[in-house]
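Written out below as structure tokens is the structure these notes cover.
The values are calculated or read from the model by the stated rules, or taken from the named source; none is laboratory data. Just so it is clear, the structure is predicted and the values come from calculations on it, not from any experiment.
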Amino acid sequence: MEEDIHMKRMEKDLLELQSLIDVHFDQRKKEEEELIGLKDRIEKRRFERAEVQRVQAEKERDRQNRIAEERQRKEDEEAKKKNDDEAKKKKVLSNMGANFGGFLQKRSIVGGGSV
């Protein structure tokens, strides 16, 4: 009888232990699945972030190129305007010099005096 009680107790303990082992492995399996899911999410997020950074870098590069092109265009326009203004000044001065020279010649011929 005492042996029967001891055997039943051992069977009960064994069943309880087996139950605890099953619960432990079920919990561990769930945690492994969660860990795999977390790693997948981290990898996906890392990929998405890299893609966003690549797009942002490309946009920034395009923006810098547009700024540089605009700056160059303005500089070219200013240089062209300056050259055009210089050419106009030279033409005006040249015409003034020719007209003034003609005026002096007419005066010396007409007036008979020297200037």
I'd like to know if the range 12-33 contains one or more residues that are among the acidic types (Asp, Glu) and over 60 Å from the mean Cα position of the chain (by Cα).
yes
Go through Ser94, Ser114, Ser108 for me and flag whichever is assigned to a loop (DSSP other than H, G, I, E, B) and either over 53 Å from the mean Cα position of the chain (by Cα) or at pLDDT 95 or above (or both).
Ser114
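Filter the range 81-91 down to the residues that are modelled with pLDDT of 90 or more and not polar (S, T, N, Q) and list them by number.
Lys81, Lys82, Asp84, Asp85, Glu86
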